[in-house]
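Read through the structure below, which is laid out as structure tokens, and then see the notes.
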Amino acid sequence: MGSRGLHLSFLFLSLSSTLLLCSACPMLCSCMYQGGGNVTGLRLVACKDPAIVMIPMDLPLDTVKLRLQRTSVVRVPKASFSSLGQLMYLWLTYNSITTLHPRSFANLSALHELRLDGNLLSMFPWDALRDTPSLRTLVLHNNRLTRVPVQAARFLGNVTYLDLSSNRLNTLPNEMIAALSFYPPFNPAEPQRRVVLGLQDNMWVCDCRLALLLELSRGTVSNLVLLDQYLVCSGPKDLSGVPFQGVDLPHCVKPSVLTSTTKIVTPLGSNVIMRCEATGFPTPVLIWIKSAGPDINSTACCGDINTTALKEKLPRRLPSFLQSSPQVGIRWSVISLSGVSYRDAGEYRCRAHNMAGSSEASISLEVVGVIAKKLALKKLNNSSPPYIPPPNRPSVSNSFPRGYTNTSKTGRDQVRRDKTKWNKMRAQQIN
């Protein structure tokens with residue numbers, strides 16, 4: 001009986017602790033149940049005090065809706081709400097938030113609505129939406145966003161309400177528009193959903209990057225609803241103030257690059273011309289880059305020369321010898337190399353880019369030939385080889401040795417004979 005009573009006491013304490021955690025309300029916040037009591041109602045937590053400077057740590061575990069509004073919170077750290085597995089509505093509106101961690105919304109798999117309007121965000125971590133697979137509403141109204149990256153499209157497939165109004169955007173990736181659930185191709189197995197999009201009060205530059213959005217704004221897709229139908233262009237200058245409905249632009253086309261050849265083998269000292277052509281819209285810009293030098297280990301040249309001379313800082317941009325655009329959407333470029341050396345060997349890339357993206361193609365240059373070695377020769381007596389005395393033979397000076405003082409007749413005869421002998425020996429050794 002005592003053991004059973006101890007067990008019941010333990011269960012009671014555990015239940016009491018759980019209820020306490022669920023019912024506790026953070027300081028400076030208010031907590032209530034909507035739609036019923038603490039059994040059938042949904043827990044709402046509201047924190048609206050300017051004295052709050054960080055995300056409360058002791059939020060009730062059963063919170064379904066959290067409003068953090070008009071506080072002094074600046075940052076949302078990693079996993080700030082990870083204990084709120086039931087959270088469906090998260091409003092972080094009109095605070096001073098400038099930074100969101102990429103894992104700020106970790107463990108919020110049930111989240112349906114995320115509102116961040118009225119903050120100071122210049123960047124939004126779109127990959128943070130990886131932790132919110134059930135998200136349907138995303139509001140980023142009235143921030144300082146300047147761009148939406150292409151990769152944002154991967155995380156918007158289930159979003160049906162997206163508000164980007166009152167930011168500093170000037171374009172949107174076509175990939176993002178195409179990722180929204182209203183856009184074809186339709187899946188006949190799923191009902192078509194209507195998508196609400198807020199884009200007003202941005203500085204839209206009407207070029208080919210907005211071509212898809214401009215088409216949609218003319219009402220060609222009935223499942224797209226714009227919060228403000230009257231969107232206008234802010235640029236370029238000739239379209240400033242023109243409504244979207246009055247602008248018809250071609251779609252951007254990513255560049256395609258073609259080179260005249262993929263490999264060139266040329267003799268040492270020759271002249272080489274390389275050519276490439278790119279197509280796309282808008283007309284691509286072409287640049288040449290030397291991305292790799294000669295293969296010192298496999299090139300036959302380089303064993304006979306100083307390989308340090310072949311090294312250079314790469315990649316290196318090269319000036320075009322000639323470049324032209326014969327018509328809209330086409331551009332070609334030529335580079336010229338005169339008197340090529342082994343240093344010129346390597347890989348050359350022709351890179352094209354425009355608003356739709358970039359692409360490149362490469363040409364491999366191999367230089368073949370032989371460098372003759374020139375031996376430096378020391379010169380002595382008009383380039384004669386240096387004199388090296390033969391072994392076991394006396395060295396001969398250019399004049400008769402000093403110290404001969406024998407002045408007798410016999411001595412003088414001996415001197416003459418000795419001089420003749422010395423001169424013969426000198427002649428033999430020089431020759």
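The values are calculated or read from the model by the stated rules, or taken from the named source; none is laboratory data. A quick note: this is a predicted structure, and the numbers were derived from the prediction, not measured. Counting neighbours? That spans all protein chains shown, and the Cβs are built from the backbone with ideal geometry, glycine included. Note: accessible area is taken over every heavy atom of the protein model, side chains too, but ligands, DNA and RNA are not part of it. Shrake-Rupley method; radii C 1.70, N 1.55, O 1.52, S 1.80 Å.
If you go through the range 180-207 and keep only what is modelled with pLDDT of 90 or more and under 29 Å from the mean Cα position of the chain (by Cα), you end up with Leu199, Asn202, Met203, Trp204, Val205, Cys206, Asp207. Scanning the range 319-337 for residues that are open to solvent by less than 90 Å² (accessible area, probe 1.4 Å) and at pLDDT 85 or above returns Ser324, Ser325, Pro326, Gly329, Ile330, Arg331, Trp332, Ser333, Val334, Ile335, Ser336, Leu337.
Hey, can you tell me all the residues within the range 338-372 that are under 30 Å from Thr171 (Cβ atoms), at pLDDT 90 or above and open to solvent by less than 40 Å² (accessible area, probe 1.4 Å)?
Of the residues in the range 338-372, the ones under 30 Å from Thr171 (Cβ atoms) are 349-361.
With the extra rule that they be at pLDDT 90 or above, the set shrinks to 349-354, 358-361.
Within the range 338-372, Cys350, Ala352, Asn354, Ser359, Ala361 qualify.
Residues in the range 240-251 include none that are at pLDDT 90 or above, under 31 Å from the mean Cα position of the chain (by Cα) and not in a strand (DSSP E or B). For the range 258-315, the set of residues classified as under 22 Å from the mean Cα position of the chain (by Cα), of a type in the set (A, V, I, L, M), open to solvent by 40 Å² or more (accessible area, probe 1.4 Å) and modelled with pLDDT of 75 or more consists of Val285 only.
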